[in-house]
Structure formats: C-alpha cells, structure tokens
Amino acid sequence: MSKFLALQRAAWLDALVYRAELAIWILAGALPLVMLGAWLPLAEAGLIGSYTQGEFVAYYLGALTVRQFTGVWIIWDMEREVRMGELSPHLLRPVHPLLRYLAMALADKPLRALVALPLFAGTMLLAPWARPPFVPLNALALPLAIALAFALYFTMQSCIGLLSFWITQVIAIQELWFGIYSLASGFLIPIDLFPEPVAAVLHYLPFRGLLAFPLELLLGRLGPAQVAEGLALQAAWAAFFFALLLLLWRRGLRQYGADGA
C-alpha cells in the first residue's frame with residue numbers, strides 16, 4: 001500500500017503539471033452537451049419516451065459528470081510503452097506495473113471533479129425544474145456504482161491496451177470500442193429510448209455498467225430490485241474482465257520483446 005501511495009502521489013503531481021491539457025480533454029469530452037442541444041427542441045412538444053426537457057438536462061449533464069469519475073484514459077500510455085519498450089524498466093521495480101497504471105487512472109479524478117461537479121450542481125441550483133428527485137437508496141448506492149464502473153472501465157481498457165503485446169496498433173481497436181461504448185452505455189442516447197429488443201440486450205452488456213447504470217441512480221430512476229441487479233451485473237463483469245486482464249498480462253509478458261528498448 002505504501003508503494004501504491006507513492007505511485008499515486010507521483011501521478012497526482014504529473015496531473016497537476018499538465019492541468020491545462022487535462023482541461024482540454026474535459027472540454028473535448030463535452031459531446032453530451034451537443035446531444036442535449038439536439039434533444040431539447042424536440043422535447044418542447046412533450047415527452048420523448050419518459051423524458052421531459054428538464055430530465056434531458058439532468059441526464060446529459062449527469063452523463064458528463066459521471067464520465068469524469070468513471071472514465072479511464074491510460075490506453076495510449078500502455079500501447080506506447082509496450083510498443084517502444086518503455087515497459088521494461090517498470091518490470092524491474094518492486095511494484096506491479098498494473099498498479100502504476102491504476103494510480104495514473106485515479107490521479108486526475110480530483111481535478112476532473114473540480115470542473116464537473118460545480119457545472120452539474122450549479123445548473124441544478126439555477127434550474128430547479130431540471131433537478132432530479134432524491135431517492136435515498138439510489139443516493140446510497142451511487143458511490144459504489146461509480147467505483148464499480150471505474151473498475152470495469154479500467155479492466156476493459158487495460159485488456160485492450162495489453163493487446164499491444166501482439167498487435168502493433170491497438171488504438172484502432174480502442175476507437176471501435178469507444179464507438180460502441182458511446183451508443184451502448186447511454187453516453188449519447190438514453191438506453192431506454194432504443195427499440196425495446198435493443199434496449200433489453202444493452203441492459204445486460206457491460207457497457208451499461210460503465211455509465212448508464214450510475215447515471216440512472218443519479219437521476220433517481222431505479223427501484224430496489226433494479227439497484228441490486230445493476231450492482232450485481234457491474235461486479236460480475238468487472239470480475240470477468242479482471243480475470244481476462246491477468247490472463248493477458250501473463251501471456252503477454254512471454255510475448256514481450258521490448259523491441260524499442
């Protein structure tokens with residue numbers, strides 16, 4: 001734990017150095033605000049699915065906020081370090097390299113929170129008609145759901161990154177993954193606005209656990225049985241991808257040649 005905390009401090013200092021770059025990344029991820037601008041005029045005539053104009057405001061601002069806590073952007077570092085041989089010195093250090101990537105993924109969360117939380121809270125304060133209802137069980141489950149969403153995101157991204165042991169360019173796979181994520185996680189369109197058969201499939205895929213489920217908790221839209229089911233699905237998918245991550249790591253190290261070292 002002391003070694004991990006040292007890695008965390010180093011990653012935090014690195015995030016502080018590149019805070020302007022981080023702000024640009026946050027603004028570049030503001031696509032939900034674009035989608036909000038598209039849905040608001042359509043909702044003037046009445047409900048779209050189960051969403052009013054106010055609920056669309058809360059949904060897309062919530063999506064932007066939740067993603068700042070659950071998103072992981074380490075795949076570019078993993079791909080470069082494996083491809084260029086920069087991973088080699090980290091294999092000699094007395095801490096697992098995956099813990100270093102975990103520290104890197106966690107380091108920018110406080111800075112992202114400083115941007116996202118005031119935006120969401122300020123909008124809800126100034127526009128009470130968009131404020132979601134407070135549901136105590138949803139509020140209690142939200143921190144756990146966000147933690148599980150982060151764990152699931154980290155393991156999925158790491159699995160893609162470790163494909164660099166076999167494939168020279170995994171960024172193309174990442175772009176394909178993000179395209180699927182954008183639709184299947186509710187990042188661009190609420191899942192319940194899809195046709196019912198599609199929404200039923202998306203409900204059980206891991207992408208919902210990355211964003212839509214914690215977002216539905218934030219909006220107070222789930223009952224007790226739905227909360228329990230969502231948390232169980234998140235935990236099951238996170239365990240699956242963690243096992244896959246360990247398997248890829250062990251087999252990938254046998255393949256690793258550090259050609260660029």
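The values are calculated or read from the model by the stated rules, or taken from the named source; none is laboratory data. Here the structure is a predicted model, which means the values were calculated and not measured. Note that we place each Cβ from the backbone using ideal geometry, even for glycine, and neighbour counts take in every protein chain shown.
Worth a mention:
- Exactly one residue among Phe213, Phe241, Phe187 is among the aromatic types (Phe, Trp, Tyr), modelled with pLDDT of 95 or more and within 27 Å of Phe134 (Cβ to Cβ), and that residue is Phe213.
- Residue pairs whose Cβ atoms lie under 7 Å apart, separated by 6 or more positions or on different chains, with the first residue in the range 36-56 and among the charged types (D, E, K, R) and the second assigned to a helix (DSSP H, G or I), are Glu44/Gln53.
- Applying the criterion of being closer than 24 Å to Phe69 by Cα and among the β-branched types (Val, Ile, Thr) to the residues of the range 171-212, the residue that is nearest to the chain's Cα centre (by Cα) is Ile180.
- Residues in the range 26-35 that are surrounded by 14 or more Cβ atoms within 10 Å (Cβ to Cβ) and in a helix (DSSP H, G or I) were compared, and the one that is modelled with the highest pLDDT is Met35.
- Residue check, Leu222 assigned to a loop (DSSP other than H, G, I, E, B), under 25 Å from Phe56 (Cα atoms) and over 19 Å from the mean Cα position of the chain (by Cα): yes
- Contacts under 7 angstrom Cβ, first residue in the range 65-80 being under 22 Å from Ala147 (Cα atoms), partner at pLDDT below 90 and not in a helix (DSSP H, G or I), 6 or more apart: Arg67/Gly29
- For the range 190-214, residues that are loosely packed, with under 15 Cβ neighbours inside 10 Å and in contact (Cβ under 8 Å) with a residue 24 or more places away in the chain total 2.
- For the range 109-118, the count of residues that are within 22 Å of the chain's Cα centre (by Cα) and within 30 Å of Thr168 (Cα to Cα) is at least one.
- Residues in the range 202-250 that are touching a Gly at 6+ places or on another chain (Cβ under 9 Å) and of a type in the set (Phe, Trp, Tyr): 3 in all.
- Flag if Arg9 is among the charged types (D, E, K, R), farther than 30 Å from Pro133 by Cβ and modelled with pLDDT under 85: yes
- Output for the range 157-170, where each listed residue is more than 10 Å from the chain's Cα centre (by Cα) and either of a type outside the set (Gly, Ala, Ser) or surrounded by fewer than 22 Cβ atoms within 10 Å (Cβ to Cβ) (or both): Cys159, Ile160, Leu162, Leu163, Phe165, Trp166, Ile167, Thr168, Gln169, Val170
- Hits in the range 168-181 - residues which are in a helix (DSSP H, G or I) and in contact with a helix residue (DSSP H, G or I) (Cβ under 8 Å, 6 or more places away or on another chain): Ile171, Ile173, Gln174, Trp177, Ile180, Tyr181
- Members of the range 231-247 that are buried (at least 18 other Cβ atoms within 10 Å of the Cβ) and either more than 16 Å from the chain's Cα centre (by Cα) or charged (D, E, K, R) (or both): Leu245
- First in the range 100-129 and among the aliphatic types (A, V, I, L, M), second anywhere and not in a helix (DSSP H, G or I), Cβ under 6 Å, 6 or more apart: Met104/Ile74; Ala105/Val72; Ala105/Ile74; Met124/Arg131
- Qualifying helices (runs of 4 or more DSSP H) (wholly inside the range 49-153; at least 3 residues being acidic (Asp, Glu)): 75-84
- Residue check for Ala232: modelled with pLDDT of 95 or more, farther than 18 Å from Ala63 by Cα, in a helix (DSSP H, G or I) and among the aliphatic types (A, V, I, L, M): yes
- Screening Ala45, Ala38, Ala58, Ala63 for residues that are over 30 Å from Gln255 (Cα atoms) and modelled with pLDDT under 80 leaves exactly one candidate, Ala45.
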